[in-house]
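Visitor: Before anything else, here's the structure in question.
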Amino acid sequence: MRKVLIATALVLLPWHACAQIGNSAGWSPNTQTEKAGVPSANQSNYQDHLFAQIATVGGLAEVDLGKLVASKAVDPGVKRFAERMVDDHEKANVKLKSIAQKSNIPLPTNIDAEHGKARADLNKLNGHQFDRAYLAYQTVEHQKTAQLLAWEIGQGEDADLQRLASETLPTVLEHLRAARDLAAQIPVDISQSNPKR
């Protein structure tokens, strides 16, 4: 019986994943449909708009921070990680922008105040303290991004955005794992962690 249940679940899994594309939750009033309950190509709902805008700001911030790290990090692994963030996020930003243009979703062109403050705070640090703070920030940001992608996969309407989110999620989880692994290797500078009395 257990084998039958597992086999049935494996057969239905691809169908369930396909059924998620084109979620009608949050449709805007002018959504066009191919047939009842199925949006036409490049139709987006409110969730898609919010996802695209938040993801764009995050992607721009990743590229900006990655360039800062190139000049401030002392650990070669952190520098390589930041280079990967610039490369991967620039590519993702281009894909997201292309989809958003087809779906008439306006995107921000600059980072927001929250990411700007994080950059300014990081810029005040040096040495391994900077490296550790950057990796801690990357851990939190990639956790948030993984949740954002999962939300789009489940709540979005635009099939292209949902596919992009599905394709991007494994990379974001890999970035998260890499940031955590690297953070564990950065030495603690005792002179900076103990304030003078």
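Visitor: Of (1) more than 19 Å from the chain's Cα centre (by Cα); (2) modelled with pLDDT of 95 or more; (3) assigned to a helix (DSSP H, G or I), LEU125 satisfies all except one. Which?
Guide: (3)
Visitor: Within region 189-197, is there a residue that is surrounded by 17 or more Cβ atoms within 10 Å (Cβ to Cβ) and either at pLDDT below 95 or within 22 Å of VAL94 (Cα to Cα) (or both)?
Guide: No: region 189-197 contains no residue that is surrounded by 17 or more Cβ atoms within 10 Å (Cβ to Cβ) and either at pLDDT below 95 or within 22 Å of VAL94 (Cα to Cα) (or both).
Visitor: Residue by residue through region 96-109, note down the ones that are open to solvent by 30 Å² or more (accessible area, probe 1.4 Å) and not in a helix (DSSP H, G or I).
Guide: ASN104, PRO106, LEU107, PRO108, THR109
Visitor: Being β-branched (Val, Ile, Thr), crowded, with 16+ Cβ neighbours inside 10 Å and in a helix (DSSP H, G or I), is that true of even one residue in region 143-151?
Guide: Within region 143-151 (the criterion being β-branched (Val, Ile, Thr), crowded, with 16+ Cβ neighbours inside 10 Å and in a helix (DSSP H, G or I)), the answer is yes, since at least one residue qualifies.
Visitor: Additional query: Restricting attention to region 120-135, which residues are out of contact with any Phe, Trp or Tyr (no Cβ under 7 Å at 6 or more places or on another chain) and surrounded by 15 or more Cβ atoms within 10 Å (Cβ to Cβ)?
Guide: Scanning region 120-135 gives LEU125, GLY127, HIS128, GLN129, PHE130, ASP131, ARG132, ALA133, TYR134, LEU135.
Visitor: OK, next. Would you be able to say whether some residue in region 77-95 is open to solvent by 70 Å² or more (accessible area, probe 1.4 Å) and in contact (Cβ under 8 Å) with a residue 40 or more places away in the chain?
Guide: yes
Visitor: Considering only residues that are without any contact (Cβ under 8 Å) to a residue 24 or more places away in the chain and hydrophobic (A, V, I, L, M, F, W, C), which ones fall in region 126-148?
Guide: ALA133, VAL140
Visitor: On to the next question. Go through region 129-159 and give me each residue that's at pLDDT below 95 and over 19 Å from LEU173 (Cα atoms).
Guide: Selection gives GLN155, GLY156, GLU157, ASP158, ALA159.
The values are calculated or read from the model by the stated rules, or taken from the named source; none is laboratory data. Just so we're clear, the structure is a prediction, and the values are computed from it rather than from any experiment. Glycine gets a Cβ as well: all are built from the backbone with ideal geometry, and neighbour counts include every protein chain shown. To get the accessible areas, we keep the full protein, side chains included, count just its heavy atoms, and leave off ligands, DNA and RNA. Shrake-Rupley method; radii C 1.70, N 1.55, O 1.52, S 1.80 Å.
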